[in-house]
Amino acid sequence: MTRRILMVFAILILVAAALGTYAYYLRRHVTREEQRLAQQPQEFAPPASGPPTLVTFYIASDASGSLRKENENVSLPPERSQRAQTVLRALFTKYSQNPSSHSIGAGADVREVFIMGEDTAIVDTTAAFADAHPSGVLVEELTIASIVDTLNANDPQLNRVKILVDGKERDTLAGHADLRRFYRASGIGQVMKEGR
């Protein structure tokens with residue numbers, strides 16, 4: 001009976017070794033695929049359903065810790081919330097280009113923008129926007145300032161912005177910037193938090 005137990009034990013060790021090797025192979029494959037996807041530029045084609053309009057972007061720079069103004073013609077739809085969504089998608093496209101002065105993570109996109117009243121925008125982003133965003137106080141605050149100031153520059157009535165992730169409220173963007181609050185535009189890069 002001891003010989004039989006030793007045989008079963010040896011077979012179990014071989015199976016465990018085979019499973020370990022397979023798990024190692026899968027992990028390496030997934031890591032390589034994630035790296036490949038992260039290096040691929042993401043393209044978000046804004047809908048070409050309107051005349052080209054001069055759009056103002058406030059582009060974040062991690063190196064200088066500031067925002068710079070940039071203008072570009074973008075075809076915008078006539079409806080206000082769709083215009084805001086198109087503007088933000090064009091902003092995210094700028095950040096996905098390689099090289100970029102500021103990274104927001106692979107797969108980040110704007111699902112929808114809701115306009116509440118005259119002055120408030122609720123920006124619903126994909127889960128990848130928060131999940132893949134680099135962590136750090138400065139980079140997270142720059143992302144929020146870029147979004148808020150870009151929306152405000154292209155629709156001056158929009159000066160309160162709330163960011164959702166996959167339709168839900170999150171505590172933080174990537175561990176630091178508070179997403180439970182509204183942000184108020186008050187000048188270039190000077191975004192103020194507002195109570196709930």
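The values are calculated or read from the model by the stated rules, or taken from the named source; none is laboratory data. Keep in mind that what you see is a predicted model, and the values were worked out from it rather than measured. Glycine gets a Cβ as well: all are built from the backbone with ideal geometry, and neighbour counts include every protein chain shown.
Per-residue answers, yes or no, for (1) under 19 Å from L142 (Cα atoms); (2) touching a residue at least 24 places away in the same chain (Cβ under 8 Å); (3) in a strand (DSSP E or B); (4) touching a helix residue (DSSP H, G or I) at 6+ places or on another chain (Cβ under 7 Å):
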residue: T53; (1), (2), (3), (4): no, no, yes, no
residue: I59; (1), (2), (3), (4): yes, yes, yes, yes
residue: S64; (1), (2), (3), (4): yes, no, no, no
residue: K69; (1), (2), (3), (4): yes, yes, yes, no
residue: F92; (1), (2), (3), (4): yes, yes, no, no
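Considering only residues that are of a type in the set (A, V, I, L, M, F, W, C) and over 22 Å from N73 (Cα atoms), which ones fall in region 127-157?
Scanning region 127-157 gives A127, A128, F129, A130, A132, V137, L138, V139, L142, I144.
For region 108-155, how many residues meet the condition of being more than 20 Å from R83 (Cβ to Cβ) and surrounded by fewer than 19 Cβ atoms within 10 Å (Cβ to Cβ)?
Of the residues in that region, 9 qualify.
Against the definition (modelled with pLDDT of 85 or more and among the polar types (S, T, N, Q)), how does S146 come out, yes or no?
yes
Is it true that some residue in region 115-122 is at pLDDT 90 or above and within 21 Å of H102 (Cβ to Cβ)?
yes
Could you please tell me which pairs satisfy a Cβ distance under 6 Å, a separation of 6+ or placement on different chains, a first residue in region 160-177 that is touching a residue at least 40 places away in the same chain (Cβ under 8 Å), and a second residue that is polar (S, T, N, Q)?
Final answer for the pair search is R160/T120; V165/T125; A174/S135; G175/S135.
Do we find that A130 is at pLDDT 90 or above, outside any loop (DSSP other than H, G, I, E, B) and of a type outside the set (S, T, Y) in this structure?
For A130, the condition - at pLDDT 90 or above, outside any loop (DSSP other than H, G, I, E, B) and of a type outside the set (S, T, Y) - is not met.
Does D109 satisfy the criteria of being over 15 Å from the mean Cα position of the chain (by Cα) and assigned by TED's automatic domain parsing to the domain that holds R80?
Against the criterion (over 15 Å from the mean Cα position of the chain (by Cα) and assigned by TED's automatic domain parsing to the domain that holds R80), D109 does not qualify.
Take the residues in region 112-126 that are more than 8 Å from the chain's Cα centre (by Cα), assigned to a loop (DSSP other than H, G, I, E, B) and touching a residue at least 12 places away in the same chain (Cβ under 8 Å), then tell me which one is nearest to A145 (Cα to Cα).
Restricting to residues being more than 8 Å from the chain's Cα centre (by Cα), assigned to a loop (DSSP other than H, G, I, E, B) and touching a residue at least 12 places away in the same chain (Cβ under 8 Å), the top hit is D119.
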